[in-house]
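The values are calculated or read from the model by the stated rules, or taken from the named source; none is laboratory data. Quantities reported herein were computed from a predicted structural model and do not represent experimental measurements. FYI the Cβ positions are ideal-geometry reconstructions off the backbone, even for glycines, and counts take in every protein chain you see.
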Amino acid sequence: MTTQEKAVVAAQEKAVGTVQEKAVVAVQEQAVVAVQGRAAEVAAQVRDPEMPMLTLADLGVLRDVVVRPEPEGEDRVIVSITPTYTGCPALATMRDDLVSRLNDAGFPRVEVRVVLTPPWSTDWISERGRAALREAGVSPPGPAPRPPGPVALTLGQTRRAAPACPRCGSAATRLTSEFGATACKALYSCTECLEPFEHVKEI
Amino acid sequence: MSDDHGSVYDGLLGGDSSQWAFGTDFEDPLAGVDTTVPEGTDAALLAEYCLMLGDDALIMSQRLSEWCSRAPDLEDDIALANMALDLLGQARLLLTRAAAADPGVVPALPEGSPVPAEDALAFFREAGEFRNVRLVEVPNGDFAHVVVRLLLFSVARLALLERLQGSTDAVLAAVAAKGVKEVAYHRDWAGRWFLTLAQGTEESRRRLLGALEALWPFYPELARTHPVDQALAESGAGVDSSSYRDEMDAVLDQVFAVSGIDRPEGAPLAGVRGRMGRDGLHTESLSRLLAEMQVVARAHPSGRW
């Protein structure tokens, strides 16, 4: 064989190897994707400990579920979550719940990671989540404010338009306090049906 | 195990620690977050800077939480506790970040102690090792006092956090981006109550002016350049404290104008040979605060919580 021929053979051999390798990798990747999908499904169904009408996925705190195949031993499931508020004490419970639910579903190796950027926004609460909040008598948040430049001081009563009463639908509602039973809620009361209600505040 | 939190008694009986209200162990709040020190930034200085911002939040949080069950109405009691919690969250991340940048800042504990770095920093440092400004440590007074203290504090902290969002340190930038949203609510709460008390009764106005006069000497320290923040500002990881003094003044003047109150004229509280809170020079009230805050943790340096 001439040098040229040798080069052609070598290239062909390399190509064959690559195709085979590619096929193997593709099968492996498919398997990982399937496992990943199953793990993500389990994680998405875990509920928020403070607002149990919402799943972590609906609340928008579940950021990512990845499965890392391990050559020896069980696959690792890496779940990323983000806190709603920096001091949110429910984060530890979310972590425990994710681990235990995934363990129960046949994933013994679970790692929960905290993601800080981008910061959580109420805009990430899904449509289904908003409906679930309304159903439970909690007023869902409006669009989060994104004003350019420095944050303006608001000495008026509130920076949001009064939310409708989740019970009777009346627009005649009054802010009781910008801070509620959990870090993410404000307190309102309806002046029509006189019921107090919680509003998830926009951040 | 499940995520059914219906019965706390299951946890008591079964010994499954995950059934306790919020779990029993607080793991590293920065688990999985990249804590590499940015290029061109001195790790030891970055740690000191994080202690400054973290200690401000921690001590302010402690003073706010002392208000729990003492506010004039339930809503404001809850509001004060919420703000204490937000700041505690910021403190946890900042102290953990300080320890990750320079493990040398963490006090040594008995071998085998399970106390995480953030707790070691909060509960096992002496008053002279805290780097907070003195505004946050003075004892609580009446309701007007907490309104004024929170206004001065959050005006400065919001101005700082807005700028810190551009930090070259990924953790500081993230803490700041989240903190801006939280502290904006704190500043509004304090501003509204300031206005309400100023325009309320003769008595409420008298108390507000008294609190303002008492706390005003601590205001300048909030926007005083320290060599540490200056160095960090030069490297792009921090913010020079005096760079937002004008913005702080402008926001406060807005509140004063609406409230019909003149800007106080009291002189700044002096340091000792130039040393102030950021240098570990504090009023005696910090020692008293720490005695109460730290006593249980110090009695059990190998305790598991």
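A few remarks follow.
- Matching residues in the stretch A:15-56 - criterion: being touching a Ser or Thr at 6+ places or on another chain (Cβ under 8 Å) and either among the β-branched types (Val, Ile, Thr) or surrounded by fewer than 19 Cβ atoms within 10 Å (Cβ to Cβ) (or both): A:Ala44, A:Gln45, A:Val46
- Residues within the stretch A:81-102 that are more than 7 Å from every other protein chain (Cβ to nearest Cβ) and either basic (Lys, Arg) or in contact with a strand residue (DSSP E or B) (Cβ under 8 Å, 6 or more places away or on another chain) (or both), tallied: 9
- B:Arg149 meets all of the listed conditions (1) surrounded by fewer than 22 Cβ atoms within 10 Å (Cβ to Cβ); (2) in contact (Cβ under 8 Å) with a residue 24 or more places away in the chain but one, namely (1).
- Flag for A:Ala161 being surrounded by fewer than 15 Cβ atoms within 10 Å (Cβ to Cβ) and closer than 30 Å to B:Val155 by Cβ: yes
- A count restricted to the stretch A:158-191 and to residues that are within 8 Å of chain B (Cβ to nearest Cβ) and not small (Gly, Ala, Ser) stands at 5.
- Residues located in the stretch B:65-87, provided they are among the aliphatic types (A, V, I, L, M), touching a residue at least 12 places away in the same chain (Cβ under 8 Å) and either farther than 13 Å from A:Ala183 by Cα or surrounded by fewer than 17 Cβ atoms within 10 Å (Cβ to Cβ) (or both): B:Ala71
- Condition check for A:Phe107 on (1) among the aromatic types (Phe, Trp, Tyr); (2) within 12 Å of chain B (Cβ to nearest Cβ); (3) over 22 Å from B:Met83 (Cβ atoms): one failure, at (2).
- Among the residues making up the stretch A:28-55, those that are closer than 16 Å to A:Trp124 by Cα and either in a helix (DSSP H, G or I) or within 11 Å of chain B (Cβ to nearest Cβ) (or both) are A:Ala44, A:Arg47, A:Asp48, A:Thr55.
- Qualifying residue in the stretch B:122-134 (condition: farther than 17 Å from B:Val228 by Cβ, within 13 Å of the chain's Cα centre (by Cα) and at pLDDT 95 or above): yes
- Restricting the stretch B:260-305 to residues that are among the hydroxyl-bearing types (Ser, Thr, Tyr) and more than 18 Å from B:Leu152 (Cβ to Cβ), the residue that is surrounded by the fewest Cβ atoms within 10 Å (Cβ to Cβ) is B:Ser302.
- Scanning the stretch A:140-172 for residues that are more than 30 Å from B:Met248 (Cα to Cα) and free of Cβ contacts under 8 Å to residues at least 24 places away in the same chain yields a total of 4.
- Taking the criterion of being of a type in the set (Ser, Thr, Tyr) and surrounded by 17 or more Cβ atoms within 10 Å (Cβ to Cβ), the residues of the stretch B:243-259 that qualify are B:Tyr244, B:Ser259.
- Matching strands (runs of 3 or more DSSP E) fully within the stretch A:104-203 where at least 3 residues are more than 18 Å from B:Glu75 (Cα to Cα) and among the aliphatic types (A, V, I, L, M): A:109-114
- Which numbered condition B:Met60 misses (of (1) surrounded by fewer than 24 Cβ atoms within 10 Å (Cβ to Cβ); (2) more than 12 Å from chain A (Cβ to nearest Cβ)): (1)
- Test result for A:Ser177, buried (at least 21 other Cβ atoms within 10 Å of the Cβ) and small (Gly, Ala, Ser): no
- Residues located in the stretch A:113-124, provided they are among the β-branched types (Val, Ile, Thr), at the interface with chain B (Cβ under 7 Å from one of its Cβ atoms) and crowded, with 19+ Cβ neighbours inside 10 Å: A:Val114
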